[in-house]
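I have placed the structure first, in the form of structure tokens, so that the comments after it can refer back to it.
Quick note: the coordinates plus some simple rules give every number you see, no bench work behind them. None of the values given here were measured: they were computed from a predicted structure. Neighbour counts run over all protein chains shown; Cβ positions are idealised from the backbone, glycine included.
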Amino acid sequence: MKQLWKCFALLLPFLVLLAACGNTGGTSNSSGPQTINVNLSEFKIDASLTTFTPGKTYHFAITNRGQTVHEFMIMPKAEGNMSGMAMGNMDKMALAAVDNISPGETKMLDYTFPASTANSQPEFACYLPGHYEAGMKQEAHITS
Ligand SMILES: [Cu+2]
């Protein structure tokens, strides 16, 4: 297993180089991560994509289209109602978190699902008091 990773690490620069060469001359191939638009409102999370590939970087553009402050958390799996748990503990459990998004504001998050999340179902959630219970959650899927 260790040997395999070593092999992959050695190969990686060449693969990147190959991909870079493949892009020369092309105009339609924009480089950089794919943008995922996430709309937050009362009380809904609506991401433009919910199926992700591990190891690929995604650019989340999270916009609060509601009237009150929201947050965007990526939890490793559906955690259900966690009311009563300290926010700091939730942040520790989260794969990623963007706090304090004001109405009308857009915040950016670049995130790469690690290989360990393959075949899992993480959950997007807002854990401000009452929001999760009101429906601010969305299931995501990570491919193998
Ligand atoms: Cu919220």
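Per-peptide packing, taken as the mean over residues of other Cβ atoms within 10 Å, places 127-137, 92-102 in the sequence 127-137, 92-102 from highest down. Counting neighbouring beta carbons within 10 Å and listing from fewest to most, the residues ILE74, ILE36, ILE45 come out as ILE36, ILE74, ILE45.
For LYS56, a cut-off of 20 angstrom between C-alpha atoms picks up these aspartates and glutamates, skipping any fewer than 8 places away in its own chain: ASP110, GLU123, GLU139. Our coupling estimate for the stretch 73-78, obtained by passing each phi through the Karplus curve with A = 6.51, B = -1.76, C = 1.60 and θ = phi - 60°, is 10, 10, 9, x, 7, 4 Hz, Gly and Pro reported as x. As a proxy for reagent exposure, ASP110, ASP46 were ordered by neighbouring Cβ count within 10 angstrom, fewest first; the result is ASP110, ASP46. Which shape class, rounded, prolate or oblate, goes with the stretch 33-142 when its Cα gyration tensor gives a ≥ b ≥ c as root eigenvalues, a/c under 1.5 marks rounded, and past that a/b bigger than b/c marks prolate? Oblate is the answer for the stretch 33-142, as a/c is 1.5 or above yet b/c matches or exceeds a/b. The HN-Hα couplings worked out from phi for the stretch 37-48 by the Karplus form 6.51 cos²θ - 1.76 cosθ + 1.60 (θ = phi - 60°) are 8, 10, 9, 10, 8, 8, 10, 8, 10, 10, 9, 6 Hz, whole numbers, x standing for Gly and Pro. GLU123 sits among other residues whose Cβ lies under 9 Å from its own Cβ, and their net charge, with Lys and Arg +1 and Asp and Glu -1, is 0.
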